[in-house]
Amino acid sequence: MKIVVVDDEALARKRILKLLEESDVSMQIFEASSGKEAILQINTIQPDLVFLDIQMTDMTGFEVLKKINIDKIPSIIFVTAFDNFAVKAFEVEAIDFLLKPYKKERFLVALHRGIEKIEIEEKKVFKSKINRLIQFLSHEDSNIEKEKDMFLDRIVLKTGKKYRFVKVDEIKFIVSSAYYAEIFTVNDEKHVYRISMSDFIKRLDSEKFIRVNRSTIVCINRINEVISEGMGDYSIIMNDKKTFSVSKNFRNSFLKKMKIKL
């Protein structure tokens, strides 16, 4: 079996690869880190199954579907960090999806459902569902844009049998830790939330939060100073005196947001 894993976040791909390797399924695994690469991989490799991220930097998973050869479409498991419009669309057509962050058990359920679709040769039925989904989405572009604009106003954290609610407005900064994000609040509390930094920043209001390096997202209004370190390097000092470096990959967007001219 040939499987393509499509996600622009390296950690997200790594997690899927790890779970696939731990399964008892015999397979060849391929990766794609962008929508364009996904289209090329799918059309060339003609995989049996694709794990397809919805929100990528160059295009959406839906746009990928529109550009692949529909006669060779594989079984697809969508992966999304958004839990409103997109999920409803999948449920309408009974197409499987993984809602980030997902557990191993949920992943395996999706994997075996995908395999079953292949084994019982439901591809014609599945292609029909995909076509209906694309048509549905093409008439609902405004809803997809609304979905993108649905920023988090609070975060739900589960500890044992308890649920804790953290208001986004109380967040000072967020630091990555493997597959988790460590959230630091104005009350000097630290909370752990299972989500990648790339998915997290997509769900935060860009007018309030900005990513300064691969491992750090900060609240813009809680930045006290920006320091030029020379040689094009910058660092920031937060209101609580915590310091972070601004990496070169995020420097231009950061300076533009802070209205600092190079």
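The values are calculated or read from the model by the stated rules, or taken from the named source; none is laboratory data. Worth saying up front: this structure is predicted, and the values here are computed from it rather than measured. Cβ placement follows ideal geometry from the backbone for every residue including glycine, while neighbour counts extend to all protein chains displayed. Protein only, heavy atoms only, side chains kept; ligands, DNA and RNA dropped before computing areas. Shrake-Rupley method; radii C 1.70, N 1.55, O 1.52, S 1.80 Å.
Per-residue packing, averaged as other Cβ atoms within 10 Å, sorts the ranges 182-188, 63-69 into the order 63-69, 182-188, beginning with the highest.
A prolate overall shape is assigned to region 147-262, the ratio a/c of its alpha-carbon gyration tensor axes (a ≥ b ≥ c) being 1.5 or greater and a/b exceeding b/c. Take 159-170, 48-59, 8-19 and order them by the average number of nearby Cβ atoms within 10 Å per residue, most first; the result is 48-59, 8-19, 159-170. With K and R counted +1 and D and E -1, the other residues having a Cβ less than 10 Å from that of residue 183 yield a net charge of -1.
A Förster radius of 51 Å combined with the Cβ-Cβ distance from residue 167 to residue 25 puts the calculated FRET efficiency at roughly 0.75. Under a 5 Å amide H cut-off, with hydrogens placed 1.01 Å from N, residue 209 pairs with 220 among residues at least 5 apart or on other chains. Scanning residues 5 or more positions from residue 55 or on other chains, those with amide H under 5 Å from its amide H are 61, 81, with H placed 1.01 Å from N in the peptide plane.
Based on the alpha-carbon gyration tensor of region 1-80 and its eigenvalue square roots a ≥ b ≥ c, which shape applies: rounded if a/c is under 1.5, prolate if not and a/b is larger than b/c, or oblate? Oblate is the answer for region 1-80, as a/c is 1.5 or above yet b/c matches or exceeds a/b.
Note on residue 156 and residue 188: with the Förster distance fixed at 22 Å, the Cβ-Cβ geometry gives a FRET efficiency of about 0.60.
Nonpolar atom fraction for region 150-262, defined as the carbon and sulfur part of the 1.4 Å probe accessible area, stands at 48 percent. Couplings 3J(HN,Hα) of region 100-109, computed from phi: 5, x, 10, 8, 4, 4, 5, 4, 5, 4 Hz, in residue order, whole Hz [Karplus 6.51 cos²θ - 1.76 cosθ + 1.60, θ = phi - 60°; x for Gly and Pro].
Rounded to the nearest whole Hz, the Karplus-based 3J(HN,Hα) values (6.51 cos²θ - 1.76 cosθ + 1.60, θ = phi - 60°) of region 246-251 follow the sequence 9, 6, 5, 5, 10, 4, with x at glycine and proline. Per-residue Karplus couplings for region 170-175, computed as 6.51 cos²θ - 1.76 cosθ + 1.60 with θ equal to phi - 60°, are listed in order as 8, 7, 8, 7, 10, 10 Hz, Gly and Pro entered as x.
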